[in-house]
Amino acid sequence: MTNLVVNKMSKKKTVKNGLHTRALFDAKMRFLLLGTLAGLVIGGIVIFIATDVNHPQVNKQPSQYHPATFVVAGKFLCGCQECQLELVRCKCGNSAGGTHELDYISMKLAEGLSEPDVVREVYKKFGSIKNAYRFLLED
């Protein structure tokens, strides 16, 4: 049997052995955990949607590019500065990288520029050349 104490000021009944307090604590913790879980799920969805909007996937076939496009692209990282992928692996549709860079490289090669000249042009426009190929920028 539990001992009940009546507080004369508030006339509330409290449980001396703490069972009521423990049940209240458990309920608060469940509510806190559910709120945290819901926040994480909603936050993850928002981040997923925001990332998808910033990097729409453009699926162009490699055969649509100039044959030397991927040789030049192998010297660069994606210029968007967000996905951190090598340009040859990136398919993001960001205006500063991905497929736009590949299109630009292919166009410059089709215009008849040499590979070293295209490397310099791509670096001027997009940057993000790999450190191992910086020597190609020297005149």
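Computed values, structure above
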read-out	value
Farthest positive-ward along segment 62-137 dipole, Cα basis, beta-carbon charges - from THR99, LEU87, TYR65	LEU87
Qualifying aspartates and glutamates (Cα of each under 16 Å from Cα of LYS75; at least 8 residues distant if same chain)	GLU86, GLU101, ASP103, GLU115, ASP117, GLU121, GLU138
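Throughout, read-outs are computed from the coordinates displayed, never taken from laboratory work. All figures in this text were calculated on a predicted structure; none of them were measured in a lab. Methodologically, a virtual Cβ is constructed for each residue, glycine included, from the backbone with ideal geometry; neighbour enumeration extends over all protein chains shown.
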